[in-house]
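The values are calculated or read from the model by the stated rules, or taken from the named source; none is laboratory data. Here the structure is a predicted model, which means the values were calculated and not measured. Cβ placement follows ideal geometry from the backbone for every residue including glycine, while neighbour counts extend to all protein chains displayed.
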Ligand SMILES: Nc1nc2c([nH]c(=O)n2[C@H]2C[C@H](O)[C@@H](COP(=O)(O)OP(=O)(O)OP(=O)(O)O)O2)c(=O)[nH]1
């Protein structure tokens, strides 16, 4: 079975990260970047932009691909919960973030990212996005998603 294609798009504006408190779906309750599954007929970049619009009603600008990761639960084989995530950064936004049915927007300083409220793997790769780097990695989480079983990651990779 192929992993599900998904996106994350992290606006970083004047040293502040725009995160969302997810209200439903995979990772509900956690603080994450805007994102979601890629829909049929759209590119991953279009999907990344659409999810930012849908989740917090702003238009991301200066969108750059920064990396990709594979995200698995349990034994690292592709399963129903496996995601292939395309990660983007945005240098700005147009509009004022709003709360929606899907998400509550929160700004956090890039110097004080609340990693304990995020997916366990975010502390591994998000600092590289904030630093302007690119990355590619694989993360295997425990069944409950609370611990990192293993991971591998390359920094400074070429992204399309
Ligand atoms: N920060 C972070 N995000 C992750 C990880 N794994 C993972 O799938 N995600 C993201 C990628 C997607 O943005 C999101 C999963 O998609 P989703 O369930 O929100 O998709 P969606 O909004 O299209 O949901 P739906 O309404 O269609 O059910 O979770 C991870 O380890 N860290």
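Below, the figures for the structure above:
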item: Complete set of residues in region 14-24 that are within 10 Å of residue 55 (Cβ to Cβ) and near the ligand (Cβ under 9 Å from one of its atoms); result: 22
item: Residue among 34, 3, 60, 11 that alone is at pLDDT 95 or above and within 12 Å of the ligand (Cβ to nearest atom); result: 34
item: Test: residue in region 88-103 that is closer than 18 Å to residue 154 by Cα and surrounded by 14 or more Cβ atoms within 10 Å (Cβ to Cβ); result: yes
item: Scan of region 5-26 for residues that are more than 14 Å from residue 109 (Cα to Cα), surrounded by 14 or more Cβ atoms within 10 Å (Cβ to Cβ) and within 14 Å of the chain's Cα centre (by Cα), ordered by number; result: 5, 6, 7, 8, 9, 21, 22, 26
item: Criterion violated by residue 124 - all others in (1) away from the ligand (no atom under 13 Å from the Cβ); (2) in contact with a strand residue (DSSP E or B) (Cβ under 7 Å, 6 or more places away or on another chain) satisfied; result: (1)
item: Qualifying positions in region 112-133 - within 16 Å of residue 84 (Cα to Cα) and in a loop (DSSP other than H, G, I, E, B); result: 119, 121
